[in-house]
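**Student:** Sharing a structure here in structure tokens format.
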Amino acid sequence: MSSWTEKEEPTLTALLSRMTLEEKIGQLVQLPPKGDFLDHELKTLIEKGHVGSFLNISDPEQIKEAQEISLRKSRLKIPLLFAFDVLHGFKTLFPIPLALASSMDPSLVEKVARGSAQEARSYGIHWTFAPMLDITRDPRWGRVAECPGEDPYLASLLCAGWIKGFQGDALSSSSFLASCPKHFVGYGAVEGGRDYNSVNLSLKQLKEIYLVPFLEAFKTGSFSTMAAFVAINGLPPAANPNLLKDLLRKEIGFKGPVISDWNAVKELVHHGIAENEKEAVQIAINSGIDIDMASGLYLKYLKELVLEGKVQIDTIDQAVLRVLSLKHKLGLFSGRSSQMEPNKENLQAIIKTNRELALEAAINSVVLLKNENALLPLSPSIRTIALIGPFSTEQKEHLGPWPGIGDPQQVVSLAEGMKAHAPLGVKIAVARGCDFFTSSQEELRQALEMAKKAEVIIVAVGEKASMSGEAASRAFLELPKAQQKLIDILLQIGIPVIMVVFSGRPLDLSPFFYRVKGIIQAWFLGSETGNALGRILFGFSNPSGKLPMSFPRSVGQIPIYYSHLPTGRPSGWSIPSTGYLDQKISPLFPFGYGLSYTRFHYGFPTLNHTKIGLDDVLEVYVEIENSGEKAGEEIVQLYIRDAVASISRPLKELKGVKKIFLNPGEKQKLKFSLFPSDFAFVDFEGKRKIEGGRFFLWVGPNAVEGKKVQFELAW
Ligand code: NOJ
């Protein structure tokens, strides 16, 4: 393949100066494949240099062919860039992002991102549209599956892992991907949890909550970002220079390219912001959208707009330089074909390592929500187990939303995983009992007969993968009716029932919480689902995941999140108070919640100072003891509350997370360091400020429990 060689590697400005206007615009055009992809029209566009990148192509042969046309036949031989949504794996599927967030472990997230990058890059992909950093407090929104949850601190902690893992230290090596944190910024607050709906946020909320993980992503060195396609305070980012220019470029100083979301430029017409497609293009490029994803409208109208003087050539040049710079950072101009082309040389070894990693990640993503009388792990004295439910033998659904090119046949089902880990001689009888949405009398009868002979029933239920992810909002969060009926019937037998719940979001588990003996929240765990759950059910692994989102008792409680503000009439006071007549205000399971097969005892936190100044570091020490009988990991969480401030502050805010492993009887003293900036908040003008005064601090196992101390910030 002819291409630039290291010697002739161009300076980007020199390259820019040789480009025609059409070639420049081409770099700002990203297209999806057509039916048979390289049709005549697309081949011609590549040859002419009128397209700079493609998305959603995963066939290495097609990638190679397209790249060859660009490098052989186009005038300037500028390599193409191939992008893909590598959200939680490519060929090997890891737990969905919300599940992985339950591990609260940035180093695990980093390993997962690296493993995903290696697989994708070997297929010729250079750029992932990930991580998704939208903070979300509404489980009706299907895209919660793709996010790190409700909390900006946790999202920031994990986001650094994602960016480092995808991009590696040297982006130009041939096993990393450019990251693209998305969707800048506020998409997670869509009204009513309805996907694509409008967002209304104050500047204070935007900066204090939704922007926080993006700041961390940019600080960590993310190379690009994607603008949200929803309207935020009446303006989609593609039409909002205050967001993309003033905030992103000037205030934050972000230098990488900004890509629109799918068709977002065209949708400015639907939003009622642009009269027609041409005006949409004018608005989008002038607002700061460098690359037009999918709509093809930059290709159609941008030249005309430049010639008419409605778009300045400097605007185009700056955008093109950002795209070329991304290609350069990815090593695409280096002349080494391994950088550009698919290279499946080590793929088998990568996949092997990734399967091991997928198992580790899945185990760490599982959250144990209930375990009455320590029924779990299943005792070896239990000799007959009934595994029932539509997820018992399921493979495909475990790939979750955005399944990359994952092969369902390669997924270990729950039945397979349980059989592989059950003690010798234990009988596991398996029946689906019902389908995801329907059941027949015969299926139910068979399951019932089988269940009656067992000592314990594992019921594997939940949402289909397509019920979460994009365009998958739900107004009801209960299990599908057929599955509810199945559990009801099984509960009537009187044998202990343990629920294993698969979902891309917090579901409403209230109808069964008091009636089943155990609940395992399994999310969508990816390729190694069955093995991870088999290990956990039979006690080879001890669950340690903690919830990254609050689980509501009912849909009426939404939005629900732990860090809400105090009110003048707190719940629990005499009526009238901030509550419901017909529902508690507390969640069924709070943020940060998750059980273990062992017990952890938390000591009282001690502080190096009870009064700290602006130059001081607050050191917090706490001793954690494994007071149970099994070795296990615990995710220790530190929360603060600013007791009195000029603007009311949340009742709790997460400011520290540490994961520790302890053997039975073992103790460990942990140290957290907090800096004055950790106590800052955003005022109505969007400025961060620190105010002195009294603070509370808790260290505990979740957002509700924890031992409390007090300190003062004074200067
Ligand atoms: C639309 C989604 O909103 C975005 O997250 C994704 O990256 C693009 N489609 C491309 O698939």
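The values are calculated or read from the model by the stated rules, or taken from the named source; none is laboratory data. Source: prediction; values computed, not measured. Cβ sites come from the backbone with ideal geometry, for glycine too, and all protein chains shown count toward neighbours. These accessible areas exclude ligands, DNA and RNA; they are computed on the full protein's heavy atoms, side chains included. Shrake-Rupley method; radii C 1.70, N 1.55, O 1.52, S 1.80 Å.
**Student:** Could you tell me whether any residue of region 147-161 is farther than 18 Å from GLU216 by Cβ, polar (S, T, N, Q) and open to solvent by 10 Å² or more (accessible area, probe 1.4 Å)?
**Tutor:** Taking every residue of region 147-161 in turn, none turns out to be farther than 18 Å from GLU216 by Cβ, polar (S, T, N, Q) and open to solvent by 10 Å² or more (accessible area, probe 1.4 Å).
**Student:** Among the residues of region 387-410, write down those that are crowded, with 24+ Cβ neighbours inside 10 Å and β-branched (Val, Ile, Thr).
**Tutor:** ILE388
**Student:** Considering only region 681-706, how many residues are surrounded by fewer than 15 Cβ atoms within 10 Å (Cβ to Cβ) and either closer than 20 Å to PRO548 by Cα or out of contact with any Leu (no Cβ under 9 Å at 6 or more places or on another chain) (or both)?
**Tutor:** Qualifying residue count for the region: 4.
Yes or no, residue by residue, for (1) open to solvent by less than 50 Å² (accessible area, probe 1.4 Å); (2) on the phi < 0 side of the Ramachandran plot; (3) within 16 Å of the ligand (Cβ to nearest atom); (4) at pLDDT below 95:
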residue: GLN205; (1), (2), (3), (4): no, yes, no, no
residue: PHE214; (1), (2), (3), (4): yes, yes, yes, no
residue: SER222; (1), (2), (3), (4): yes, yes, yes, no
residue: LEU247; (1), (2), (3), (4): yes, yes, no, no
residue: ASP261; (1), (2), (3), (4): yes, yes, yes, no
residue: ALA264; (1), (2), (3), (4): yes, yes, yes, no
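**Student:** Something else about it: What number goes with the only condition from (1) under 27 Å from PHE476 (Cα atoms); (2) touching a Phe, Trp or Tyr at 6+ places or on another chain (Cβ under 8 Å); (3) not in a loop (DSSP other than H, G, I, E, B) that GLY192 does not pass?
**Tutor:** Tallying (1) under 27 Å from PHE476 (Cα atoms); (2) touching a Phe, Trp or Tyr at 6+ places or on another chain (Cβ under 8 Å); (3) not in a loop (DSSP other than H, G, I, E, B), GLY192 fails exactly one: (2).
**Student:** Then there is this: Looking at ILE489, ILE519, ILE458, ILE498 in this structure, which one is more than 30 Å from LYS630 (Cβ to Cβ) and β-branched (Val, Ile, Thr)?
**Tutor:** ILE489
**Student:** Another question about this same structure. Report yes if some residue within region 514-527 is surrounded by 24 or more Cβ atoms within 10 Å (Cβ to Cβ), outside any helix (DSSP H, G or I) and of a type in the set (Ser, Thr, Tyr); otherwise report no.
**Tutor:** Checked against the condition, which is being surrounded by 24 or more Cβ atoms within 10 Å (Cβ to Cβ), outside any helix (DSSP H, G or I) and of a type in the set (Ser, Thr, Tyr), region 514-527 yields at least one hit.
**Student:** Hey, another quick one. Quick one: is ALA472 hydrophobic (A, V, I, L, M, F, W, C), more than 16 Å from the ligand (Cβ to nearest atom) and open to solvent by less than 40 Å² (accessible area, probe 1.4 Å)?
**Tutor:** Criteria not met by ALA472.
**Student:** Checking ALA294 against (1) away from the ligand (no atom under 16 Å from the Cβ); (2) surrounded by fewer than 21 Cβ atoms within 10 Å (Cβ to Cβ); (3) under 24 Å from THR44 (Cβ atoms); (4) touching a residue at least 60 places away in the same chain (Cβ under 8 Å): exactly one of these is not met. Which one?
**Tutor:** (1)
**Student:** Give the residue, chosen from GLY193, GLY186, that is within 14 Å of the ligand (Cβ to nearest atom), open to solvent by less than 10 Å² (accessible area, probe 1.4 Å), among the small types (Gly, Ala, Ser) and in contact (Cβ under 8 Å) with a residue 12 or more places away in the chain.
**Tutor:** GLY186
**Student:** Do you know which residues across region 443-467 are crowded, with 20+ Cβ neighbours inside 10 Å and either of a type in the set (Gly, Ala, Ser) or touching a Ser or Thr at 6+ places or on another chain (Cβ under 6 Å) (or both)?
**Tutor:** ALA447, ALA451, ALA454, ALA460, GLY462, GLU463, ALA465
**Student:** Looking at (1) assigned to a loop (DSSP other than H, G, I, E, B); (2) more than 13 Å from the ligand (Cβ to nearest atom); (3) free of Cβ contacts under 8 Å to residues at least 60 places away in the same chain; (4) farther than 28 Å from LYS652 by Cα, which is the only condition PHE229 fails?
**Tutor:** (2)
**Student:** Please work out if GLU625 is out of contact with any His (no Cβ under 6 Å at 6 or more places or on another chain) and acidic (Asp, Glu).
**Tutor:** For GLU625, the condition - out of contact with any His (no Cβ under 6 Å at 6 or more places or on another chain) and acidic (Asp, Glu) - is not met.
**Student:** Find all pairs meeting these conditions: Cβ atoms under 6 angstrom apart; at least six residues apart or on different chains; first residue within region 533-561 and of a type in the set (Val, Ile, Thr); second residue open to solvent by 10 Å² or more (accessible area, probe 1.4 Å).
**Tutor:** ILE558/ASP138; ILE560/PRO587
**Student:** Additional query: Take VAL109 and tell me if it is within 30 Å of PHE502 (Cβ to Cβ), crowded, with 19+ Cβ neighbours inside 10 Å, modelled with pLDDT of 95 or more and more than 16 Å from the ligand (Cβ to nearest atom).
**Tutor:** When the stated conditions are applied, VAL109 passes them.
**Student:** Answer yes if at least one residue in region 267-286 is within 16 Å of the ligand (Cβ to nearest atom), part of a helix (DSSP H, G or I) and open to solvent by 10 Å² or more (accessible area, probe 1.4 Å), and no otherwise.
**Tutor:** yes
**Student:** Looking only at region 424-442, decide whether some residue is aromatic (Phe, Trp, Tyr) and open to solvent by less than 10 Å² (accessible area, probe 1.4 Å).
**Tutor:** Checked region 424-442: no residue is aromatic (Phe, Trp, Tyr) and open to solvent by less than 10 Å² (accessible area, probe 1.4 Å).
**Student:** Same structure again: Got a number for residues in region 128-149 being basic (Lys, Arg) and within 11 Å of the ligand (Cβ to nearest atom)?
**Tutor:** 1
**Student:** Moving on to the next point. Quick check on GLU653: is it open to solvent by 60 Å² or more (accessible area, probe 1.4 Å) and either modelled with pLDDT of 95 or more or acidic (Asp, Glu) (or both)?
**Tutor:** no
**Student:** Working only within region 490-513, note down all residues that are assigned to a helix (DSSP H, G or I) and either small (Gly, Ala, Ser) or surrounded by fewer than 21 Cβ atoms within 10 Å (Cβ to Cβ) (or both).
**Tutor:** Those that are assigned to a helix (DSSP H, G or I) and either small (Gly, Ala, Ser) or surrounded by fewer than 21 Cβ atoms within 10 Å (Cβ to Cβ) (or both): LEU491, GLN492, ILE493, SER510, PRO511, PHE513.
**Student:** Return yes or no: is LEU533 under 24 Å from the mean Cα position of the chain (by Cα), in a helix (DSSP H, G or I) and closer than 19 Å to VAL456 by Cβ?
**Tutor:** Against the criterion (under 24 Å from the mean Cα position of the chain (by Cα), in a helix (DSSP H, G or I) and closer than 19 Å to VAL456 by Cβ), LEU533 qualifies.
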